[in-house]
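**Q** Handing you a structure now.
The values are calculated or read from the model by the stated rules, or taken from the named source; none is laboratory data. Model, not experiment: these values are computed from the prediction. Don't worry about glycine lacking a Cβ; one is built from the backbone with ideal geometry, like all the others, and counts go over all protein chains shown. In case anyone asks, the SASA skips ligands and DNA or RNA and just uses the protein heavy atoms, side chains included. Shrake-Rupley method; radii C 1.70, N 1.55, O 1.52, S 1.80 Å.
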Amino acid sequence: MTDWQTRLRQLPVEEWAMLLDANSDLPGPRANTALAAAFAVVADESALLVLGTRDDEFTAMCVATAYGARADEAEYAAAALHAASDGRWRVREGVAIGLQLLGDRDFARLTEIVTAWAESDDPLVQRAAVAAICEPRLLHSPASAAVAVGVCRRATESLAQRPLAERRDAEVRTLRQALGYGWSVAVAADPASGLAAFLALDATDADVAWIIAENRKKRRLSVLL
């Protein structure tokens with residue numbers, strides 16, 4: 001990411017679009033997330049105004065990453081919330097990456113955001129909360145792990161309370177997929193308390209049972225079980 005920061009800083013903002021287009025790694029299975037993260041660190045308000053008007057997926061991902069990284073400011077928090085439910089999954093992923101960058105420097109603010117987003121009626125916003133907080137590098141204490149467990153618990157409870165017909169929606173499936181790995185990250189960060197929360201999940205619910213089974217497949221959790 002540092003190399004990409006250097007390259008961006010060496011160019012006028014007017015030339016950033018060409019750099020993003022040439023190095024997005026799209027089309028392809030994986031976008032250049034290191035470049036997106038570097039963009040989030042380097043871009044200032046004027047850069048976001050200029051590039052925020054572009055609608056190609058990678059630029060939109062970079063801008064969403066910047067919104068997440070700046071979500072300690074009300075204006076950008078609102079923009080990140082909006083992008084969290086974007087129809088393009090890479091844009092939604094950008095929000096999660098950006099929130100993780102925010103968490104690197106202000107975990108307390110990240111905690112406030114993901115805790116609030118976990119209460120959202122929008123499953124994609126809940127998914128962003130799970131994806132953002134369930135990052136091993138952020139969970140370096142029992143207190144931080146407890147935040148991740150709490151977000152996973154609330155999102156799982158919310159999913160289980162949804163009508164069965166609604167659970168077939170793509171947005172709900174996206175949330176379920178995030179919970180299918182997020183629990184293992186949260187529990188592995190502090191097994192002493194996390195395992196109890198995980199083992200208390202209601203396995204009689206079909207979707208919760210799927211979440212349990214998927215997490216049990218993850219080595220970081222299977223070794224604890």
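**Q** Toward the positive end of the charge dipole of region 1-112, about the Cα centre and with charges on Cβ (Lys, Arg +1; Asp, Glu -1), which of 85, 31, 62 goes farthest?
**A** 31
**Q** Sum up the charges of everything whose Cβ sits under 14 Å from the Cβ of residue 27, counting Lys and Arg as +1 and Asp and Glu as -1, but leave residue 27 out.
**A** Result for the local shell: -1.
**Q** Divide by every residue of the chain the summed helix terms, -39500 (n - 2.57) for each DSSP H run of at least 4, and state the resulting mean residue ellipticity at 222 nm, rounded to the nearest 500 deg cm²/dmol.
**A** Mean residue ellipticity, 222 nm, calculated: -22000 deg cm²/dmol.
**Q** If I build a Gaussian network model for the chain, linking alpha-carbon pairs within less than 10 angstrom, which residue out of 201, 110, 81 has the largest mean-square fluctuation?
**A** It is 201.
**Q** Quick one: net charge around residue 164, please, counting Lys, Arg +1 and Asp, Glu -1 for every other residue with C-beta under 12 Å from its C-beta.
**A** In short, -1.
**Q** Taking a temperature of 4 °C and a viscosity of 1.567 mPa s, what whole-number D in µm²/s does Stokes-Einstein yield for region 163-225 with Rh from Kirkwood over alpha carbon pairs?
**A** Reported coefficient: 108 µm²/s.
**Q** Oh, and also: Roughly how many Å² of residue 135 are accessible to a 1.4 Å probe, to the nearest 10?
**A** Surface accessible to solvent at residue 135 totals approximately 40 Å².
**Q** Okay, next question. In a Gaussian network model over the chain where Cα atoms closer than 10 Å are linked, find which of 73, 14, 112 has the largest mean-square fluctuation.
**A** Comparing 73, 14, 112 in the GNM, the peak value goes to 14.
**Q** Shifting gears a bit: With a/c under 1.5 counting as rounded, go ahead and sort region 126-189 into rounded, prolate or oblate using the C-alpha gyration tensor (a ≥ b ≥ c being the square roots of the eigenvalues; past the cut-off, prolate if a/b is larger than b/c, else oblate).
**A** Prolate shape, in that a/c is at least 1.5 and a/b is the bigger ratio.
**Q** Mind running the shape call on region 7-99? Use the C-alpha gyration tensor, a ≥ b ≥ c as the square roots of the eigenvalues: rounded below 1.5 for a/c, prolate if a/b tops b/c, oblate otherwise.
**A** Here region 7-99 falls in the oblate category.
**Q** Same structure again: If one takes the longest principal axis of the Cα atoms in the chain, at what angle in degrees, from 0 to 90 and to the nearest 10, does the Cα axis of helix 206-217 lie?
**A** Computed tilt is about 70 degrees.
**Q** Can you bin region 107-225 into rounded, prolate or oblate? Criterion: square roots of the alpha carbon gyration tensor eigenvalues sorted a ≥ b ≥ c, rounded for a/c under 1.5, prolate for a/b above b/c, oblate for the rest.
**A** oblate
**Q** Starting from the Cα of residue 168, step 7 Å toward the Cβ, then list every residue of region 112-140 with an amide N under 19 Å from that point.
**A** 123
**Q** May I ask you to list the trypsin sites (Lys or Arg not before Pro) in region 21-70 that are in a DSSP loop and have at most 10 other Cβ atoms within 10 Å of their Cβ?
**A** Here the trypsin sites (Lys or Arg not before Pro) that fit, given the DSSP loop and packing criteria, are 30.
**Q** Cα extents of the chain along the three principal axes, largest first, in whole Å?
**A** 56, 38, 33
**Q** If you fit an axis through the alpha-carbon atoms of helix 142-161 and take the longest principal axis of the Cα set of the chain, what angle between them do you get, 0 to 90°, nearest 10?
**A** 70
**Q** Another question, then. May I ask you to compute the full-extension gain from residue 196 to residue 74, defined as 0.36 nm times their residue separation minus their alpha-carbon distance, rounded to one decimal in nm?
**A** 40.4 nm is the gain from fully extending residue 196 to residue 74.
**Q** Can you find, among 134, 181, 53, the residue sitting farthest towards the positive end of the charge dipole of region 41-183, where Lys and Arg contribute +1 and Asp and Glu -1 at Cβ?
**A** Comparing the listed Cα positions along the dipole, 181 ranks first.
**Q** In a GNM of the chain with a 10 Å cut-off on Cα contacts, which of 178, 186, 209 has the highest mean-square fluctuation?
**A** Maximum among the listed residues: 209.
**Q** I need the calculated FRET efficiency for the pair residue 11 and residue 122, taking r as the beta carbon distance and R₀ as 30 Å, to the nearest 0.05.
**A** E between residue 11 and residue 122, to the nearest 0.05, is 0.25.
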